[in-house]
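Worksheet: the structure to be examined is printed underneath.
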Amino acid sequence: MAYIRALFLSSSSPPNPYDQSPSKARPRRGAASLRRAMSGGGCSVRAIWILTSHDAVTFSRRFAVVEKRWRDAWEMEGDGGAETGAEMPLPADHEVAAAFAERRRREGTVRGKGLRTRVSSVGSDSWVDDPITRHIISLHIDKEKGGGFMLWPVVLQKRGGYYILVLPLVDPQSFKAYERLMKRDDCGSSAKENANLSSILLNLPCITGALMVAHVIGDIITGDTAEPEVIVSTGPSVGGLLDSLTGSIGISARPKPIAAPVAAPVASVSSPIGAPQSESIKGGVRPFDKDLLRNFILGAMPFGTPQDLNYANVTSIRTMGFSADPLPTDQKQPAWKPYLYKGRQRTLFSSLETLNAALYDRDDMQDFLSVSGQVTCRADLEGLPDVSLPLSELKAAHLEVSSFHHCVQTSEPTNDKQTLIFQPPLGNFVLMHYQASCNMDPPVKGFYQLSMVSENEGAFLFKLRLMEGYKSPFLMEFCMITMPFPRRRVASYDGNPSVGTVSMTEHSIEWRIVSSGRGLSGRSIEATFSGTVRFHPLTVRVNSSFLSVSSTAFAEDSDSEQDNTKNGANLDDYLMEKMNKDLQAVDLEEPLSWQAYNYAKVSFKIVGGTLSGLMIDPRSVTIYPSVKAPVEYSMQASSGDYILWNTLGKCPSTALPKEL
């Protein structure tokens, strides 16, 4: 999980102004000072609700301390208005569910379009005419005994089939400003007045905090709480001739992922932790571990004020507690390191790169190669040391974009080098992200050809070269070529590759050139594969239920999502039927993609080096105060969208601007 930290909070918690014990009684602050504290002093959350697609609240949490501050703020406002904090209390779960369902009917979709239409009514979010109301909404609570009130601002996020609602604490002046905005005729993002929605939200940093709270809760619901991967070699490198000899026959030390040094709770059977998100919405919404979420909220935001939204930190504190060792008087403990590490000291760095490529094998089209990467780190160091990490080969890597963890201080790049100085947090974290050009030849290059000899049979040819120009310690752990046929069902294939094995699925043919456990290092190989593929006869399935659905029925926030799940509708099937109805007939030359494109996708993983050329020298890493802690560095590159376009068919391309 990406490192999330509420920077808008101060490192020390302020005293509670509402402590009513006799020995600690304090005078109440004025309305102006309280409003300044609520607007610019961080984030506090009044309540959290999680709803299912059936408009039912499955989890809720209210914070009485923050709710008392809300009521006191309205009492201190003292303008004699009709609305007070007591008249706008936190609603019951069934009232929130009813208000959310009513908003969905009123706005057209769950989030709404955020734009004013002819059916928009005064007092609704769409009347404000600002797209941000898709994510920051209002709920109108209707009371059974008559009357009602509005909840605002409610931060909405959809994750894993659930709808997460977070209600932060805002001052009465901002609340009233939004009420007036909902009744104006000239509101909207284009309004030039200071009272537009953007100017209101700009003075409310609690909106950012509520968005971060909703995001981390969504990660827990969907199981996306894994820390960044840091890999380390299983065996030490001897170097020299021995590494060259063992690498050439595939007996090199293979890196493996290493987990963060924190204890994680064991999820219950109903918890989706570790399960892919797609499983949580297949055949209905999968329940999540409420006890796990409840424990996280208790540790991350006591009394409704977020302190640390890092899942690993909160879990570690609950498991191991805080550090008992006092800090030196001249050091201040950073917010991203809530307790100090004790144990064997070492520092691990990993360069993880992803190569995206489009290879055409044509004179009139230029191949495209792009590298996106990140440097991950885990520093098991006692105390609060400063780590200095120099980066080299910046010019050769041609770094285009780079961003750093908020604990990092960077120097200006000079003489092809740049130094990063940081106090590392606990566990695994992403030190930097970057984008660069590929500094080496493509690890898999060649061409792919496919032509149809009949309506249900095609002939194909691959001629590839792997790891040409790559020397030890570069090691290709696996490589696989996939020929996808999403529009046709594969019946059989003929042909034997020069190397590797072939398997078949319903809609693809997979050619595994390099298998796991038999790496390729210190040499290049040539791989060819020619043959034919036969398909089942093409049939167009017409389903009247799809034809009655509008083109926006499968939008991200569609209200018909629940009904489509019940009817067994599939998004891919719907889109195919829609395309079949709109497309014209095609020739037999390209019946696979129906006027689209056909290609082969390459998947591989390479360890032992970077494709961008960005390097880290472990011997140049310094730690202050000096400690005996070994520094290890590992490198890994994998394929992203690595495409071999069919040289005999159509393919998309872009015209690059000429250099001046």
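Points to keep in mind about this one:
- Charge sum, other residues only, whose C-beta stays under 10 Å from Val371's C-beta, Lys/Arg counted +1 and Asp/Glu -1: -2
- Only protein heavy atoms count here; on that basis, with a 1.4 Å probe, Lys143 has an accessible area of about 70 Å².
- Peptides 602-611, 168-177, 48-57 ordered by average Cβ neighbours within 10 Å, highest first: 602-611, 168-177, 48-57
- Ligands, DNA and RNA left out, the 1.4 Å accessible surface of the range 376-506 is 47% carbon and sulfur atoms.
- Loop-located GluC sites (Glu not before Pro) in the range 372-449, at most 13 other Cβ atoms within 10 Å (DSSP): Glu400
- Cα pair distances in the range 400-551, grouped into 5 Å bins until the bin that holds the longest one, percent each: 2, 7, 12, 12, 10, 10, 10, 10, 8, 8, 5, 4, 1, 0
- Its convex hull of Cα atoms gives the range 412-465 a direction-averaged projected area, equal to a quarter of the hull surface, of 8.6 nm².
The values are calculated or read from the model by the stated rules, or taken from the named source; none is laboratory data. This structure is a prediction, so every number in the text was calculated from the model and none was measured. Glycine gets a Cβ as well: all are built from the backbone with ideal geometry, and neighbour counts include every protein chain shown. The protein model used for the area step is the full one, side chains on, heavy atoms only, and it has no ligands, DNA or RNA in it. Shrake-Rupley method; radii C 1.70, N 1.55, O 1.52, S 1.80 Å.
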